[in-house]
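As structure tokens, the structure follows; a few thoughts come after it.
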Amino acid sequence: MKKIILWLDKYFEESIMLVLLTAMLMLMGLQVFMRYIVARSLSWPEEMIRFSFIWFVFLGMSYCARESIHLRIDLLEGGIPRIKKALNVFQDVVFFVFCIYMIRPALSGIGMQWRNNQTSPALNIPMYLVYSSLFVGLILTLFRLIQKWLRRICAASGGAPQREDQA
């Protein structure tokens, strides 16, 4: 069980993003084939690609938070290396507050789509499933930021933080 949890900790977002990216590429190839070779384009692949991309982006937000590779302005870090750790903590706190702030609008969007019972035109997918990508991405990002902070605290207190790849 511990190995499964550690594997999910390390590869959860990556695995889902890999599946989504593969599906997007295959659907794009299918659409190109159908449009230019068969001369009959399909109506649903473009919509599925768009929805997959939306989920890909918001899961990518969590992945980038875990790996500390999200966009940030590092002008001060390069100019004053002594403040790098404090600045990283500050940036993570700002990102954390932003994610918490965005939970309410995300839930509002999901609720609006739920109440209106809107579905996508080609696939007839309930739109609240697409809108829920923001909420899921925010929750995963908050989890990853807390996880990163706990590892920093553990390392600072002298305890050896458990790495993701240790079983």
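Can you match semi-axes √(5λ) of the Cα gyration tensor in Å to one of these, [x] 36, 19, 17; [y] 23, 20, 17; [z] 42, 18, 12, based on a calculation from the structure here?
[x]
What does the C-alpha gyration tensor say about the overall shape of region 1-92? Classify as rounded when a/c is under 1.5, otherwise prolate if a/b is larger than b/c, or oblate.
Cα axes put region 1-92 in the oblate bin.
For region 1-128, what's the relative contact order in percent, using C-alpha pairs closer than 8 Å and at least 6 residues apart?
This gives 19 percent for region 1-128.
Provide Ser157, Ser68 in ascending order of the number of other Cβ atoms located within 10 Å of each residue's Cβ, fewest first.
Ser157, Ser68
Taking amide hydrogens as modeled 1.01 Å from N in the peptide plane, which residues meet the under 5 Å criterion relative to Thr119, leaving out close sequence neighbours?
Those lying under 5 Å, H to H, from Thr119 are Met127.
Helix-only estimate, please: 222 nm mean residue ellipticity of the chain, summing -39500 (n - 2.57) across DSSP H runs of length 4 or more and dividing by its residues, to the nearest 500.
Estimated from H runs of four or more residues: -26000 deg cm²/dmol.
Between Arg151 and Met1, what length comes free when the chain is fully extended (0.36 nm per residue of separation minus the Cα-Cα distance, one decimal in nm)?
51.9 nm
Sort out the exposed loop trypsin sites (Lys or Arg not before Pro) in the chain (DSSP loop, at most 16 other Cβ within 10 Å) and tell me the longest stretch that has none.
73-162
Below 30 Å Cα-Cα, how many Lys pairs turn up in the chain? Only count pairs eight or more apart in sequence, or on different chains, if you could.
So the count of such lysine pairs works out to 8.
Where nothing but the Cβ of Lys and Arg (+1) and of Asp and Glu (-1) is charged, how large is the charge dipole of region 2-156 around its Cα centre, in debye to the nearest 20?
For region 2-156, the charge dipole is close to 420 debye.
Rule-based calculations on the coordinates, nothing more; no lab input. This structure is a prediction, so every number in the text was calculated from the model and none was measured. In this analysis, Cβ positions are derived from the backbone assuming ideal geometry, glycine residues included, and neighbour counts consider all displayed protein chains.
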